[in-house]
C-alpha cells in the first residue's frame, strides 16, 4: 500500500553495530552463570557467604536487593559509598581483617560483572574498585585499638604442633578406624593436603606398588602426584592388607560406633571433627586439618625446602601463599651465607 513505509535495509556499519549489541546482550545475560560455572565449589561457598553478609548489611541499611550471587539486577542500588560503609561496618562489628579483605574482593568481582551486564555504570564500578581494604601493618594497629578483634569460627592463629605431637597423631591403634585415622593424618601431616582434597580422594588415586598418590586440587584446578612418604605408604599397605580400601570408591570411609568402618566418603565436616577429636585425645585443643597443613609447610621450609618446590608441592598459585603458612626462623639470617664455607669451621 502507498502509506506503508518501505523497510530500508541496514547499512554494513549499522548491521555490524546491531550484531555487536546483540552479542553484548547475550554475553551479559550469561555473565554470572558463566563465571560461577568455572569456579570450584569451595570458592562458590565462600563467595555465597560473603555476599550473604553484604546482603544482610544492605538490609540493615533499608535496601532491598535480590540474589547478589546470580542476578545482575540485584546490584542496581549498590554504590561505592555502600561498599565503603560495608567495610567499616565489618570493622566495627569485630570481623577479622583478612575476612574483611576477602569479602571486599568478592564484592568487587561481582560488581565488575554487574558493570559488564549494564547494571552498574563504568563510573560507579571504578569508584567501587577504588575502595581499599587493610594492609598487614594496618591490621596490627587496628586490632590493638578496637575492643572486638575477631568474630566467627576461624582461628586467629593456627595450632602449632611439635614433631613429637605430629608423630603421636600418626600413631593410631590397629583397628579399622585406627588404620583409617593413621592414613588420614599421614595425608595431612606428611603431604599437606587440604581438607577438601583429602575428602575427594578415591582408592584408585593411591598406587601402593609405585608409591605414588595422584589427586586433584580443586582450589587451583590442578592434577598433582606426590611420592608417598614411608609412613604414608605403610599406612596404605596396612589398609589394603585388611581389605579396608574399597576398589573404585572414595578412599576415606565413615566411622561406626564399634570402631568399624562404614560407607565410603567422609565429608569435610566429618574429617574436621575427626582431626579435632584425635587432637583432643592427645591434649591438643582446637586442632584442624589446616593446622596440619601449616605444620607440613613449616616443617618443609625449616628443613631447607626450596620455596618454589614448596609452592608446587603445596598446590599454591603464587609464592605469596606459602609465606602465610611458614613461620619465621628464630634467627632471622639463618642459612644466609656471605662467603663460601663461612659456617664450616
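The values are calculated or read from the model by the stated rules, or taken from the named source; none is laboratory data. From a predicted model like this one, the values you see are computed outputs, not experimental measurements. We place every Cβ from the backbone using ideal geometry, glycine too, and count neighbours over all the protein chains shown.
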### Task
Could you identify the single residue in 63, 120 that is more than 30 Å from residue 144 (Cα to Cα) and crowded, with 16+ Cβ neighbours inside 10 Å?
120
### Message
Name the residue that is modelled with the highest pLDDT, counting only residues in segment 301-340 that are part of a helix (DSSP H, G or I) and either touching a strand residue (DSSP E or B) at 6+ places or on another chain (Cβ under 6 Å) or closer than 26 Å to residue 277 by Cβ (or both).
### Response
314
### Task
Those residues that are in contact (Cβ under 8 Å) with a residue 40 or more places away in the chain and either in a loop (DSSP other than H, G, I, E, B) or not assigned by TED's automatic domain parsing to the domain that holds residue 39 (or both), I need them from segment 59-101; list them, please.
68, 69, 76, 78, 79, 94, 95, 96
### Message
With the structure loaded, tell me whether residue 180 is over 30 Å from residue 32 (Cα atoms), assigned to a helix (DSSP H, G or I) and touching a strand residue (DSSP E or B) at 6+ places or on another chain (Cβ under 8 Å) or whether it fails that test.
### Response
yes
### Selection within segment 238-272 - closer than 18 Å to residue 188 by Cα and loosely packed, with under 12 Cβ neighbours inside 10 Å
269
### Task
Identify, from the list 240, 251, 261, the residue that is under 25 Å from the mean Cα position of the chain (by Cα) and closer than 14 Å to residue 179 by Cα.
251
### Query
Yes or no: residue 231 modelled with pLDDT of 95 or more, in a loop (DSSP other than H, G, I, E, B) and farther than 18 Å from residue 159 by Cβ?
no
### Task
Taking residue 104 as the residue in question, decide whether it is buried (at least 18 other Cβ atoms within 10 Å of the Cβ), in a loop (DSSP other than H, G, I, E, B), assigned by TED's automatic domain parsing to the domain that holds residue 42 and touching a helix residue (DSSP H, G or I) at 6+ places or on another chain (Cβ under 9 Å).
no
### Task
Kindly indicate the residue of segment 192-228 that is part of a helix (DSSP H, G or I) and over 17 Å from the mean Cα position of the chain (by Cα) and also farthest from residue 248 (Cα to Cα) among those meeting that condition.
205
## Note on the structure
Exactly one of 283, 262 is farther than 28 Å from residue 43 by Cβ and in a strand (DSSP E or B), and that one is 262
